[in-house]
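Laboratory data are not the source of any read-out in this text; all were calculated from the coordinates shown. Please read these numbers as outputs of a predicted model, since none were measured by experiment. Ideal geometry is used to build each Cβ from the backbone, glycine not excepted, and the neighbour counts take in all protein chains shown.
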Amino acid sequence: MDITADEAARAGIIGKSPAITKLNSLIAKVAASHANVLIEGESGTGKELVARAIHLESPRSSAPFIGENCAALSESLIESELFGHVRGAFTGAERDRRGLFALADGGTLFLDEVGDMSARIQAKLLRVLQEGEFRPLGGRDLIRTDLRIISATNRELLAMVESGGFRGDLYYRLNVVGLKLSPLRERSEDIPLLVEHFLSKVRGGTVKGISREAMEMLGRYPWPGNVRELRNVVERAVVMASGVTVGVDALPDNIIDYALAEKSDPYPDGRAKPHERVMIETALIRFRGDKAKTARFIGWSRTKLYRRMSRLSIPAGFGRLE
């Protein structure tokens with residue numbers, strides 16, 4: 001049974017596109033199990049929201065959901081955060097402190113940006129997954145833990161495994177079930193629903209809607225920052241709106257500029273220059289699908305690259321390692 005629209009909305013997953021419909025179905029199947037989950041997707045696609053949805057629909061929903069951003073902490077800090085420590089374990093450790101493995105016992109631990117973990121922390125995490133136990137820093141006794149780990153990354157972990165940047169044995173422990181989130185530009189039909197949702201969440205504003213012209217501009221923009229960027233744009237537009245409706249004049253300059261560039265940059269007879277497909281695809285393969293690096297290499301803006309790829313029907317994921 002899929003999660004309902006209300007359940008998905010409660011977790012913040014908004015949309016009716018095939019990608020979101022499939023995602024909601026997968027969430028329901030994954031939630032019923034205790035398997036570890038790896039969520040992959042670009043920044044801003046809602047990886048933590050999906051992790052929370054899995055937890056909310058799981059048998060562990062009454063237990064804690066605790067998250068940590070692995071990229072935001074140094075190696076020593078993340079080790080202390082995950083494993084905890086005993087008094088005197090290091091300078092400044094004046095009392096025992098429980099780590100996230102202990103605090104999330106019975107529930108779900110969400111590790112965001114797991115690809116940024118150092119090799120040493122990867123090895124220690126692998127032991128917890130294999131043995132179901134850990135030792136706090138400075139401690140002697142092993143502590144048992146029963147938790148589910150949901151990890152997330154915007155990096156190509158499998159490519160990192162192949163290059164030696166990430167442990168293969170840890171990758172397969174984390175990736176018992178893998179979910180890949182589609183970028184917003186590949187599900188533009190969800191943009192109106194997301195805009196309505198974000199408008200309803202803005203507090204203290206008098207804005208009640210958005211003009212057709214403004215919505216059309218939002219629908220054509222490629223959203224490199226994905227849903228997070230759209231939410232920020234809507235919140236800004238509410239502040240900048242001069243009436244009860246968000247108009248074009250309330251949108252950021254980069255979105256207006258993109259719409260104007262689209263109109264002023266047509267190809268003759270709808271055809272692209274013959275060499276551009278080869279140039280774009282070659283660069284995408286070279287940089288393993290990284291749009292920012294590809295655009296810089298060619299000498300274009302990222303929005304221009306998205307526009308050319310769209311006109312040439314080059315898939316958004318072209319060049320990525322599967």
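Through the Karplus equation 6.51 cos²θ - 1.76 cosθ + 1.60, θ set to phi - 60°, convert the phi angles of segment 166-183 into ³J(HN,Hα) values in whole Hz; use x for Gly and Pro. Each residue of segment 166-183 in turn: 8, 5, x, 5, 5, 3, 6, 5, 6, 9, 5, 10, x, 10, 10, 8, 6, x Hz.
With point charges of +1 on the Cβ of Lys and Arg and -1 on the Cβ of Asp and Glu, referenced to the Cα centre of segment 45-101, which listed residue (V86, P59, A71) lies farthest in the positive direction of the dipole? It is P59, whose Cα lies furthest towards the positive end. Principal-axis analysis of the Cα atoms of the chain puts helix 253-264 at an angle of about 40° to the longest axis. Taking the Cβ-Cβ separation of T21 and F297 as r and a Förster radius of 45 Å, what is the calculated FRET efficiency to the nearest 0.05? It comes out at approximately 0.80.
3J(HN,Hα) along segment 47-61, derived from phi through the Karplus expression 6.51 cos²θ - 1.76 cosθ + 1.60 where θ = phi - 60°, amounts to 5, 5, 4, 5, 4, 5, 5, 4, 5, 4, 9, 9, x, 8, 4 Hz, with x in place of Gly and Pro. In this simple spin-label approximation, K304 and A35 carry label points 7 Å from Cα along the Cα→Cβ vector, and these lie 4.5 nm apart. With only alpha-carbon pairs counted, each pair once and no self-pairs, how large is the Kirkwood hydrodynamic radius of the chain in angstroms? By the Kirkwood definition, the hydrodynamic radius is 22.0 Å.
Of all lysines in the structure, those lying under 30 Å Cα to Cα from K293, and not within fewer than 8 positions of it along the same chain, are K47, K180, K263, K273, K304. Does anyone have the angle between helix 119-131 and the longest principal axis of the chain? Alpha-carbon axes, 0 to 90°, nearest 10? For 119-131 against the chain, the angle is about 60 degrees.
Across all C-alpha atoms in segment 143-245, the radius of gyration and Dmax reach 19.6, 59 Å.
3J(HN,Hα) along segment 158-165, derived from phi through the Karplus expression 6.51 cos²θ - 1.76 cosθ + 1.60 where θ = phi - 60°, amounts to 5, 5, 5, 4, 5, 8, x, x Hz, with x in place of Gly and Pro. Close amide H contacts of G67 (hydrogens built in the peptide plane, cut-off under 5 Å, sequence separation of 5 or more or a different chain): F110. Of all lysines in the structure, the ones whose alpha carbon falls short of 26 Å from that of K208, not counting any fewer than 8 places away in one chain, are K16.
Dividing the Cα radius of gyration of segment 185-264 by 2.2 N^0.38 Å, with N the residue count, gives 1.01.
Applying Stokes-Einstein at 25 °C and 0.890 mPa s to the Kirkwood radius of segment 5-180, computed over alpha-carbon pairs, gives a translational diffusion coefficient of 146 µm² s⁻¹. Dipole magnitude for the chain: about 380 debye, using +1 per Lys or Arg Cβ and -1 per Asp or Glu Cβ, origin at the Cα centre. Modelled this way, with points 7 Å down the Cα-to-C-beta line, the labels at S61 and E235 are 2.7 nm from one another.
If the only charges are +1 at each Lys and Arg Cβ and -1 at each Asp and Glu Cβ, what is the size of the charge dipole of segment 185-264 around the Cα centre, to the nearest 20 debye?
I would put it at about 280 debye.
Close amide H contacts of G225 (hydrogens built in the peptide plane, cut-off under 5 Å, sequence separation of 5 or more or a different chain): none are found. Amide H contacts for L179 (H built 1.01 Å from N in the peptide plane; partners 5 or more residues away or on another chain; cut-off under 5 Å): L38, I39, E40. Here's the picture: a label point sits 7 Å out from the Cα of K201 along the beta-carbon direction, and within segment 14-36 the residues with their amide nitrogen under 16 Å of it are 14-16.
Between E131 and S43, the distance separating the two model label sites (each 7 Å from Cα on the Cα→Cβ line) works out to 3.6 nm.
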